[in-house]
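Novice: There's a structure below that I have some questions on.
No value in this document is a laboratory result; all are computed from the given coordinates. In this text, all values refer to a predicted model and were calculated from it rather than measured experimentally. Glycine gets a Cβ as well: all are built from the backbone with ideal geometry, and neighbour counts include every protein chain shown.
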Amino acid sequence: MPYIPFFKKHANRSEFYGPDEDIPVFVAILMGVQHFLGCVGGLITPTLLISGTGATALNLDAETRSYMIAASFIVSGITSLVYTSRFRVPRTRYYVGVGLLEVAGVAFSALPAAQAMVENMYIDGTCQTETLSDGTINYLPCPDGFGAILGTQIIGSILSIIFSFVSPRILKRLFPKIVTGIVLFCIGAKLITSSMKNWAGGSGPCMQMPDDGLFALCPNINAPNPQPWGGPVNFALGASVFFTILLIELLGSVFLKNVSVVIGLIVGCIIAAGIGMFDSSSIDAAPAGTFLWVKTFKLSIYGPGVIPVLFSQLAIIIDSIGEITAVCDVSQKAIEGDEFQSRIQGGLLTDGLLGIFSGLGTTMSTVLFTQNNGIIAVTRCASRIAGFVCAGILILCGILGKFSATFLAIPEPLIGGMTVYLFASVATSGLRILAYLEWTRRDRVIIASSLAIGLGVLLVPNWFKFVLPTVENAALNGFYSAIRTVVSTSNIIGGIMAVLLNLILPYEEEESADQTSSAESEAKPMGGAHRMYYDEEQQQQQEAITQKN
């Protein structure tokens, strides 16, 4: 039942279904639909943004964008099936899959590097632009740019395969909470900038606000009921989605809260249709059915993007470790020991293999979705059957071409109002992780230094643009371009700073009255990497208590 303020709410008790338990057919369908609705808003967002308009998008036509959304659904469904399954690699001790209820979708953490690559492609001429008579810069469609993103992503996915054979304990030492928190916060902050531009009307040429011409209004003057960038109508449309989500969080039932993003988007679409801004041309032109490889992209490796993509893959690795830990906890499985470590190993190996498959399947890398763990915790249904049902729904929605094209008809302010909430949630997850720190002087130095650079380049994008020279040597110029991309991407440079400082800064020697003499004799100021070995058992015990709480 929905929550009504000032009225007493009675607690409901329900049976817990474990990962390997059979569940009634109706419950399986209901839970599968619930997981689908919980992830669909975030699943399509990276594809919508990278294929849209502006200097950091590929500016593709509606037919291509519709196919890309369909491919995202299909690949996400297939990868969800593999993650939810679990089988041993023959004649080895390694696994593929996690063996728990998992839902995968296109990774938010891969989007900043992809946007930085596209922006660099328009600068170096890989993607073309034109200057209109009114001085507006028009970014031309660049499908080969997406092929370069996919090809470079395939190379980056090999990193997950390599790390899958590394002990999870070593990974934990390299990427502790302080690093993961900083990276997630910077990713969320980076993506919020794109969302706010969309809320105001889009990041395409109309954002330059020319006095006349094709892009005097957003998205252009030929669109149904176009509006000026930043105008009151665009603002109100984005606000209708954003505040509907907040209203559901205040008054909605548990079920409604889990699907609040979808409901907010539906409310916004109804309002947009009522004022004549809902463009159905993409739905009319879309085929009734489609599948992978109906459209293809020329795969290539974009040299300046290799290093940024590798760091993005590290972010995916960090995400996977945290998500698998969380799903083990809500599924009432151990969060330490050999079985847990084998699930981590299976998840990372799956990340790498499916990252390659995703690139070949014409979509960006997928990652496990954390929000579905909240649905498991609330519904007390961790049965993998529900995960298989959700995966089947994802594949079916991708095959239905009209369904995928529906998302292209949504005005960009509505997408902005939805995604600003989603991306702020990513940043909030980073803050939540950082909140568990003890906030020693060492922690403050690492966080302050990492955010100083990470948020600094986000606020002043051209900060590093003119530091390195432009040379005629193509290889050297490509290397310089890669460095610029790394330094100009907030989550990458912030993450690099966090990892390095965490490894080299010494821990402070702490003395307290209740320390035993033996503990006092062992306490020595050590570098970060060595102290991690020393504190590992204590950290594991504390994290186990935290997870139980």
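Novice: Go through Lys295/Lys402; Lys177/Lys333; Lys190/Lys402; Lys190/Lys465 and tell me which ones have a Cα-Cα distance over 24 Å in this structure. Don't skip to the answer; put the middle values down first.
Specialist: Values: Lys295/Lys402 16 Å; Lys177/Lys333 21 Å; Lys190/Lys402 32 Å; Lys190/Lys465 18 Å.
Listed pairs above 24 Å: Lys190/Lys402.
Novice: Do the sum for the chain: with -39,500 (n - 2.57) for every DSSP H run of n ≥ 4, divided by all residues, what is the mean residue ellipticity at 222 nm, to the nearest 500 deg cm²/dmol? Walk me through the numbers before you get to the answer.
Specialist: Working: 21 runs with 340 residues, N = 549.
Taking each H run of at least 4 residues, the total per residue is -20500 deg cm²/dmol.
Novice: Hey, another quick one. Once you wrap a convex hull around the alpha carbon atoms of segment 326-414, what is its projected area averaged over all directions, in nm²? Don't skip to the end; give the middle numbers.
Specialist: Details: hull surface 31.0 nm².
The Cα convex hull of segment 326-414, projected and averaged over all directions, gives 7.8 nm².
Novice: Can you tell me how segment 108-199 classifies by the Cα gyration tensor, rounded, prolate or oblate, using a/c under 1.5 as the rounded cut?
Specialist: Details: a/c = 4.17, a/b = 1.83, b/c = 2.28.
It is oblate, given that a/c is not under 1.5 and a/b is not larger than b/c.
Novice: Now a separate question. Which ordering of Met117, Met277 is given by a fewest-first count of other beta-carbon atoms within 10 Å?
Specialist: Numbers: Met117 29, Met277 22.
The fewest-first ordering by Cβ neighbours comes to Met277, Met117.
Novice: What are the residues whose amide H is under 5 Å from the amide H of Thr129, where those residues sit 5 or more places off or on another chain and H is modelled from the backbone?
Specialist: The list, which skips near neighbours in sequence, is Leu140.
Novice: Please give me, ordered by residue number, the chymotrypsin sites (Phe, Trp or Tyr not before Pro) of segment 155-237 that lie in loop per DSSP and have at most 15 other Cβ atoms within 10 Å.
Specialist: On the way: sites: Phe163, Phe165, Phe185, Trp199, Phe215, Trp229, Phe235; in loops: Phe165, Phe215, Trp229.
Passing both the DSSP loop test and the Cβ count: Phe165.
Novice: Counting other beta carbons within 10 Å of each Cβ, put Met497, Met418 in order, fewest first.
Specialist: Details: Met497 20, Met418 29.
In order of increasing Cβ crowding within 10 Å: Met497, Met418.
Novice: Have a look at the DSSP beta bridges in the chain and tell me what percent are antiparallel, nearest 5. Present the calculation step by step, with values, prior to reporting the outcome.
Specialist: On the way: 11 of 12 bridges.
Around 90 percent of the beta bridges assigned by DSSP in the chain are antiparallel ones.
Novice: If you don't mind, there's one more thing I want to ask. Placing +1 at every Lys and Arg Cβ and -1 at every Asp and Glu Cβ, with all other atoms neutral, what dipole size does segment 386-509 have around its Cα centre, in debye to the nearest 20?
Specialist: 180
Novice: How are the Cα pair distances of the chain distributed, in percent, across 20 Å bins from 0?
Specialist: 21, 55, 22, 2
Novice: State the extension gain, in nm to one decimal, for the chain segment bounded by Ala448 and Asp338, taking 0.36 nm per residue of separation less the distance between their alpha-carbons. Walk me through the numbers before you get to the answer.
Specialist: Values: separation 110, 0.36 × 110 = 39.60 nm, distance 3.63 nm.
Gain in length upon complete extension: 36.0 nm.
Novice: Continuing with this model, one more query. Just for the Cα atoms in segment 292-369, what are the lengths along the principal axes, largest first, rounded to whole Å?
Specialist: Its Cα atoms span 44, 29, 18 Å along the three principal axes.
Novice: Moving on. Given an 8 Å cut-off on Cα distances and at least 6 residues of separation, report the relative contact order of segment 102-186 as a percent. Before the final figure, lay out the partial values.
Specialist: Numbers: 29 pairs, mean separation 13.2, N = 85.
Normalised by residue count, the contact order of segment 102-186 is 16 percent.
Novice: Which FRET efficiency, nearest 0.05, do Thr64 and Glu508 yield, Cβ-Cβ r, R0 51 Å?
Specialist: Working: r = 55 Å, r/R0 = 1.08.
Computed FRET efficiency for Thr64 and Glu508 comes out at 0.40.
Novice: When the convex hull of the Cα atoms of segment 1-155 is projected onto a plane and the area is averaged over all directions, what value comes out in nm²? Show your work: numbers first, answer last.
Specialist: Working: hull surface 65.0 nm².
The directionally averaged projection comes out at 16.2 nm².
Novice: Also, quick follow-up: With a ≥ b ≥ c taken as the square roots of the eigenvalues of the C-alpha gyration tensor of segment 235-327, please select rounded if a/c is under 1.5 and otherwise prolate if a/b is larger than b/c or oblate if it is not?
Specialist: On the way: a/c = 2.25, a/b = 1.27, b/c = 1.78.
Cα axes put segment 235-327 in the oblate bin.
Novice: Let me ask you something else. Within the chain, which is the longest segment that contains none of the GluC sites (Glu not before Pro) sitting in a DSSP loop with at most 14 other Cβ atoms within 10 Å?
Specialist: Numbers: sites that count: Glu15, Glu21, Glu438, Glu472, Glu508, Glu509, Glu510, Glu511.
So the longest stretch without any such site is 22-437.
Novice: In whole Hz and in residue order, list the ³J(HN,Hα) couplings for segment 31-45 that follow from phi through the Karplus curve 6.51 cos²θ - 1.76 cosθ + 1.60, θ = phi - 60°; x for Gly and Pro.
Specialist: Couplings: 5, x, 5, 4, 5, 4, 5, x, 10, 5, x, x, 5, 8, 4 Hz.
Novice: Can you grab the distance from the C-alpha centre of segment 273-321 to the C-alpha centre of segment 369-426, Å, no decimals?
Specialist: 15
Novice: A further question follows. Once you order the gyration tensor axes a ≥ b ≥ c over the Cα atoms, which shape class does segment 146-222 get: rounded for a/c under 1.5, otherwise prolate or oblate by comparing a/b with b/c? Provide the component values of the computation, followed by the final result.
Specialist: Working: a/c = 6.46, a/b = 2.27, b/c = 2.85.
Here segment 146-222 falls in the oblate category.
Novice: Here is a follow-up. In sequence order, what are the phi-derived ³J(HN,Hα) couplings for segment 398-413 according to the Karplus relation 6.51 cos²θ - 1.76 cosθ + 1.60 with θ = phi - 60°, rounded to whole Hz, with x for glycine and proline?
Specialist: Values per residue, Gly and Pro as x: x, 5, 6, x, 5, 5, 5, 5, 4, 5, 6, 7, 6, x, 4, x Hz.
Novice: Which whole-Hz couplings ³J(HN,Hα) result when phi for each residue of segment 63-77 is put into the Karplus expression 6.51 cos²θ - 1.76 cosθ + 1.60, θ = phi - 60°, listed in order with x for Gly and Pro?
Specialist: 5, 5, 4, 4, 4, 4, 5, 4, 5, 4, 4, 5, 5, 4, x
Novice: How high is the relative contact order of the chain, in percent, with contacts defined as C-alpha pairs under 8 Å that are six or more residues apart?
Specialist: On the way: 977 pairs, mean separation 154.8, N = 549.
So the answer I get is 28 percent.
Novice: Non-local amide H neighbours of Gln227 (under 5 Å, H modeled in plane, Pro and chain starts lacking H): which ones?
Specialist: Hits under the 5 Å cutoff: Cys218.
Novice: Sort Lys298, Lys257 so the one with the fewest other Cβ atoms within 10 Å of its own Cβ comes first.
Specialist: Numbers: Lys298 12, Lys257 20.
Going from least to most buried by this count: Lys298, Lys257.
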